[in-house]
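Student: I am attaching a structure below and will ask some questions about it afterwards.
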Amino acid sequence: MREKIFTEKDILLKLFLSGGLIAIFLGFYYSQFAEMYQFKSLELMLILAYGNLYIEEIVFIVPVFLWMVPLIVIIFFLGDYIHRNFDQNAAYIFTRTARRSLWLIGQAVNLFLYILIYYIFQIAAFCVVSTVLGFSMFSWDVGIMLIVSELALLMLSNYMIVLLINVLSLFKLNSLFCVAITLTTNIVCIFLSAILYKFYTKNIAIIKWLPFTQGILTWHSGISSVADFFPFNIPHFSILFSIVYLIIICLLLLFCGVCKIEKMDIY
Amino acid sequence: MKSIELINVSKKIGRKKILNNITIALDKGNIYGFFGRNGSGKTMLFRAICGLLKPTSGQIIINEKILHQDISFPDSLGVIIESPGFWNYYTGFENLKVLASIKNQITDLDIKQAITRVGLDPEDNSTYSKYSLGMKQRLAIAQAIMEKPDILVLDEPTNSLDENGVQLVRKILMEERARGATILIATHNKEDLIILSDINYHVNDGTVSLFQKNL
């Protein structure tokens, strides 16, 4: 049943349109920054747009907002995805099957696929825009590795956030309230990172354990040479650590959702 | 033979008691009408019978199986509860096919017959979002009857239907009763109750009482 339900054309269309527009906007916006480095590299553009948040600039609203723009769009379209489908179809589906958890897992897989498609399309569109603006890949090996790492971190971190909102909404909380809680926690974690960086440098390794910081590629250690443009990174904060961390959190969220949906009243 | 039995069923949501010590027994092959003002508990009662709501106390027994103990929901059930919820981007046939695929008991031909039975065209390529309110209601009835269930729980089945639609639904419900189905209808339409139901119940503040006067 999941395969059929996944083809929600209106959601796909909205994700493609908004993804394309964001890619164009970010392409033009960050091309000016990239030119300041006098290095017309597509890898650099990708990091600037999707993989970087200058920790010393977190106190300003604009960089944090720009970093969150792609996420805000996903939340807008998919924040109430499970709750909406549950409200709409629960009576017809759960009078035919007792497998509520399977339904929830199917919905979670759909969400994952939507977010994956959104980011693949957006990054592809961003690469096209950047190429048109005169940027090119300096090293294909490094470039591909960066794209894959960025895609994995963005995907998983944003999926975790969207899944959190969707699971919270199963607890009979208003969807808007769930979005507000999640985004506030996200912003608090980012600001906490900046505070740790500024006042508690010795404890900077804690940042990698804060939820929501795993999506920032340049904060990781041991990434490619292009990342040398971004001197701040957290020791022993590997991309693999973030991927495992995010997968575990997502699985825990899904487990909470399954426990809830199995016992909840439908009214 | 008893099809549905409720024994001292109560349900509390927060501090509010929405179902209050309900005891009724419904025989197979009858149509039961439930009426009462808005918010009296008709829909909640139906949700409880469908297994969507777990009673705080009491037992619901469906065909000798205890709900939430032996079974999670009635094995053979067709439901319309409040506004029909289908997928907007599918046609009527595709919507029913997705739902039918859950139990996988009926063929495409059965689905098409159910759609035709409610006066819709199974070959219509319009998506559900283009359907009028009456067409949506007809499709909801088609999904409820397509698997030929033993129990039909219908909340306001004639809502949004024109006169022809109302007549057609009444005819379908008579046929379903003749087939042996136990049918529960909640409605504000007294004519439906007079024409269709064998026994009527009055629902008031979460309690249910047998209604013996003329409607």
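Student: With springs only between Cα atoms under 10 Å apart, run a GNM on chain A and tell me which of A:Met68, A:Met160, A:Met36 wobbles the most.
Tutor: Top of the fluctuation ranking is A:Met36.
Student: Cross-link partners among lysines for B:Lys148, C-alpha distance below 22 Å, same-chain residues fewer than 8 apart left out?
Tutor: Those lysines meeting the cut-off are B:Lys2, B:Lys28, B:Lys65, B:Lys97, B:Lys103, B:Lys112, B:Lys136, B:Lys171.
Student: I'd like the projected area of region A:64-186, averaged over all directions, using the convex hull of its alpha carbons. Report it in nm² with one decimal. The partial results should precede the final answer.
Tutor: Numbers: hull surface 37.1 nm².
Averaged projected hull area, Cα only: 9.3 nm².
Student: Here is a further query. Provide the net charge surrounding B:Asp110, with neighbours chosen by a C-beta distance below 13 Å and charges set as Lys +1, Arg +1, Asp -1, Glu -1. Don't jump to the answer; show the numbers that get you there.
Tutor: Numbers: positive: B:Lys97, B:Lys103, B:Lys112, B:Arg117, B:Lys148; negative: B:Asp108, B:Glu147.
Local net charge: +3.
Student: Then there's this: What does the charge count near A:Ile216 come to, summing +1 for each Lys or Arg and -1 for each Asp or Glu among other residues with Cβ under 15 Å from its Cβ? Numbers along the way, then the final one.
Tutor: Values: positive: A:Lys208; negative: A:Glu56, A:Glu57, A:Glu150.
Within the 15 Å Cβ shell, the charges total -2.
Student: Related question: What is region B:84-197 by shape, rounded, prolate or oblate, if you read a ≥ b ≥ c off the alpha carbon gyration tensor as root eigenvalues and call it rounded for a/c under 1.5, prolate for a/b larger than b/c, and oblate otherwise? Kindly include the intermediate steps, with their values, before the conclusion.
Tutor: Details: a/c = 1.95, a/b = 1.32, b/c = 1.48.
It comes out oblate by the Cα gyration axes.
Student: Now, a different point. What's the longest piece of chain B with no exposed trypsin sites (Lys or Arg not before Pro), counting a site as exposed if DSSP puts it in a loop and it has at most 16 other beta carbons within 10 Å?
Tutor: Details: sites that count: B:Arg15, B:Lys28, B:Arg37, B:Lys213.
Formally, the longest exposed-site-free interval is B:38-212.
Student: Also, I was wondering about something else. May I ask for the equivalent-ellipsoid semi-axes of chain A, computed as the square root of five times each C-alpha gyration tensor eigenvalue and listed largest first in whole Å? All intermediate terms of the calculation are to be shown ahead of the outcome.
Tutor: On the way: eigenvalues 231, 94, 47 Å².
Semi-axes from the Cα gyration tensor: 34, 22, 15 Å.
Student: Okay, next question. Skipping prolines and chain starts, which residues have an amide H placed within reach, meaning under 5 Å, of the one on B:Ala186, given they are 5 or more residues away or on another chain?
Tutor: B:Phe34, B:Leu154, B:Asp155, B:Glu156
Student: Antiparallel DSSP bridges in the protein assembly as shown: what percent, to the nearest 5?
Tutor: Working: 21 of 40 bridges.
For the protein assembly as shown, the DSSP antiparallel bridge percentage is about 50.
Student: Report for region B:1-109 the percent antiparallel among DSSP-assigned beta bridges with both residues inside it, nearest 5. Present the calculation step by step, with values, prior to reporting the outcome.
Tutor: Values: 15 of 16 bridges.
Of the beta bridges lying entirely in region B:1-109, close to 95 percent run antiparallel.
Student: Would you mind telling me the share, in percent, of accessible area of the protein assembly as shown contributed by carbon and sulfur at probe 1.4 angstrom? Mind showing how you got there, number by number?
Tutor: Values: 13190 of 21610 Å².
Ligands and nucleic acids excluded, carbon and sulfur reach 61 percent.
Student: Here's something else I'd like to know. If amide H atoms are built 1.01 Å from N in the plane of the peptide, which residues on other chains or at least 5 residues away come under 5 Å of the amide H of B:Asn200?
Tutor: B:Gly33, B:Phe211
Student: Across every pair of different alpha-carbon atoms, what Kirkwood hydrodynamic radius in Å does the protein assembly as shown reach?
Tutor: Working: mean 1/r = 0.0393 Å⁻¹.
Across the protein assembly as shown, the inverse of the average 1/r is 25.5 Å.
Student: Whole-Hz ³J(HN,Hα) for each residue in region B:108-116, computed from phi via Karplus 6.51 cos²θ - 1.76 cosθ + 1.60 with θ = phi - 60°, x for glycine and proline: what do you get?
Tutor: Values per residue, Gly and Pro as x: 4, 5, 4, 5, 4, 5, 5, 5, 5 Hz.
Student: Quick one: accessible area per residue over region A:179-248, 1.4 Å probe, rounded to a whole number of Å²?
Tutor: For region A:179-248, the solvent-accessible area averages 50 Å² per residue.
Student: Normalised by the number of residues in chain A, what is the relative contact order in percent for Cα pairs under 8 Å and 6+ residues apart? Please list the in-between numbers first.
Tutor: Values: 283 pairs, mean separation 73.4, N = 267.
It comes to 28 percent, rounded to a whole number.
Student: Follow-up. By the scheme Lys and Arg +1, Asp and Glu -1, what is the net charge of all other residues having a beta-carbon under 11 Å from that of A:Gly134? Mind dumping the intermediate values first?
Tutor: Working: positive: A:Lys40; negative: A:Glu35.
Overall, the nearby charge balance is 0.
Student: Under 26 Å Cα to Cα from B:Lys16, which lysines show up? Leave out anything in the same chain fewer than 8 places away.
Tutor: Straight-distance partners of B:Lys16: A:Lys172, A:Lys260, A:Lys263, B:Lys42, B:Lys54.
Student: Run the numbers on region B:85-111: which residues show a drop of 20 Å² or more in accessible area, chain on its own versus all protein chains together, using a 1.4 Å probe over heavy atoms?
Tutor: By number: B:Gly85, B:Phe86, B:Trp87, B:Tyr89, B:Tyr90, B:Val98, B:Leu99, B:Ser101, B:Ile102, B:Lys103.
Student: Tell me, what is the per residue accessible area of chain B in Å², probe radius 1.4 Å? Kindly include the intermediate steps, with their values, before the conclusion.
Tutor: Working: 9510 Å² over 215 residues.
Normalised by residue count, the accessible surface of chain B is 44 Å².
Student: Counting only protein heavy atoms and rolling a 1.4 Å probe, how much accessible area do B and A lose on contact, total for both sides, in Å² to 100? Before the final figure, lay out the partial values.
Tutor: Details: alone 10650 and 13360 Å², together 21610 Å².
Between B and A, the summed buried area is about 2400 Å².
Student: If the viscosity is 0.890 mPa s and the temperature 25 °C, what Stokes-Einstein diffusion coefficient in µm²/s follows for region B:165-215 when Rh is the Kirkwood radius over Cα pairs?
Tutor: On the way: Rh = 12.0 Å.
Result for D is 204 µm²/s.
Student: Cα gyration tensor of region B:84-148, axes a ≥ b ≥ c as square roots of the eigenvalues: rounded (a/c below 1.5), prolate (a/b > b/c) or oblate?
Tutor: Values: a/c = 1.61, a/b = 1.39, b/c = 1.15.
Prolate.
Student: Provide the solvent-accessible area of A:Phe230, counting protein heavy atoms only and rolling a 1.4 Å probe, rounded to the nearest 10 Å².
Tutor: Looks like 10 Å² after rounding.
Student: Just report the Cα centroid separation between region B:19-35 and region A:173-247, whole Å.
Tutor: Going from one Cα centre to the other spans 58 Å.
Student: Can you work out the Karplus-derived ³J(HN,Hα) for every residue in region A:104-117? Use 6.51 cos²θ - 1.76 cosθ + 1.60 with θ = phi - 60°, whole Hz, and x for glycine or proline.
Tutor: 5, 5, x, 5, 5, 5, 4, 4, 4, 5, 4, 5, 4, 4
Student: Related question: Please give the residues from region A:73-94 for which the solvent-accessible area of heavy atoms, probe 1.4 Å, is smaller by at least 10 Å² with all protein chains in place than with the chain isolated.
Tutor: For region A:73-94, once contacts with the other chains are taken into account, A:Gln88, A:Asn89, A:Ala91, A:Tyr92, A:Ile93, A:Phe94 lose 10 Å² or more.
Student: Using the reciprocal of the averaged 1/r over all distinct C-alpha pairs, how large is the Kirkwood radius of chain B in Å?
Tutor: Details: mean 1/r = 0.0567 Å⁻¹.
17.6 Å is the Kirkwood radius here.
Student: Taking amide H atoms as placed 1.01 Å from N in the peptide plane, list the residues 5 or more away in sequence, or in a different chain, whose amide H sits under 5 Å from that of B:Ile71.
Tutor: B:Ile66
Student: Further question: Report the per residue volume, in Å³, of the convex hull enclosing the C-alpha atoms of region B:38-81. Each step should come with its number before you reach the end.
Tutor: Numbers: hull volume 3.3 nm³, N = 44.
Taking only Cα atoms, region B:38-81 has a hull volume of 75 Å³ per residue.
The values are calculated or read from the model by the stated rules, or taken from the named source; none is laboratory data. Computed from a predicted model, the values in this text were never measured in an experiment. Cβ atoms come from the backbone with ideal geometry, glycine included; neighbour counts cover every protein chain shown. Protein only, heavy atoms only, side chains kept; ligands, DNA and RNA dropped before computing areas. Shrake-Rupley method; radii C 1.70, N 1.55, O 1.52, S 1.80 Å.
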